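For reference, the structure is listed below as structure tokens.
Only the coordinates and a few stated rules stand behind these numbers; no lab work does. Please read all numbers here as calculations on a predicted model, not as lab measurements. In this analysis, Cβ positions are derived from the backbone assuming ideal geometry, glycine residues included, and neighbour counts consider all displayed protein chains.
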């Protein structure tokens, strides 16, 4: 996946689209957009910000795979890092090991992708056919439970919409990419030079792109823009908030 931090308008449509598609547990967000101001920089408005999107990085050298005691974490043939919920022990070693903080232990088996959406005047579903239920294949071709809302006592994270691999029309796509209004998300086969993400990267020099902590886990998410990792930043709430989109609050324990 290629994520353009400079094109991103912080609208949180990718966050909402992921919620609607995957019906993740309340307080769990498999895609997030962190909005921040660099310390020492001047901004015209308190909500003016830069941003970085954060799905699971689906690392080639994923720490979560290394620490899983019974191999519930595995690499799919397409390169996704997934969890077999049928065998997951709920030990949360993956949550501790992940340097990107994209794993979160599930304390409830009652998914609720929106909190009282009917009470939000601004809420409008942005994916067709979404009604709070997961509408996709929960199991892969090897009958492993890898998609949809994870059960209580397991760990929750982005799957790069693995369930879409079972759908001939949606294969090779993700919900977050579908709903992005500014073409800031590009998903595809990074081993194919003609794929959408590789073609998008042709516009940029190497010093205009970065990976997060690539020396630790060899992530498969490439960012366009300036890496904020080595700078002091302050988180800001806007311009669009979770409340604006009718999304529940992030569980602080995640």
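Could you check, for the range 4-25, whether at least one of its residues is touching a residue at least 40 places away in the same chain (Cβ under 8 Å), under 22 Å from residue 234 (Cα atoms) and part of a strand (DSSP E or B)? Checked against the condition, which is being touching a residue at least 40 places away in the same chain (Cβ under 8 Å), under 22 Å from residue 234 (Cα atoms) and part of a strand (DSSP E or B), the range 4-25 yields at least one hit. The number of residues in the range 69-101 that are assigned to a helix (DSSP H, G or I) and within 20 Å of residue 163 (Cα to Cα) comes to 0. Considering only the range 202-213, state which residues are under 13 Å from residue 4 (Cα atoms) and under 20 Å from the mean Cα position of the chain (by Cα). 209, 210, 211, listed by residue number.
With respect to the conditions (1) closer than 25 Å to residue 213 by Cβ; (2) surrounded by 14 or more Cβ atoms within 10 Å (Cβ to Cβ), residue 71 falls short on a single one, namely (2).
Checked against the criterion of being touching a residue at least 60 places away in the same chain (Cβ under 8 Å) and touching a strand residue (DSSP E or B) at 6+ places or on another chain (Cβ under 9 Å), the candidates 199, 213, 231, 166 yield just one match: 231. Of the helices (runs of 4 or more DSSP H) contained entirely in the range 128-230, those carrying at least 2 residues that are surrounded by fewer than 16 Cβ atoms within 10 Å (Cβ to Cβ) fall at 214-217.
So, in the range 28-68, how many residues would count as being surrounded by fewer than 20 Cβ atoms within 10 Å (Cβ to Cβ) and either in a loop (DSSP other than H, G, I, E, B) or without any contact (Cβ under 8 Å) to a residue 12 or more places away in the chain (or both)? Adding up the residues that qualify gives 12.
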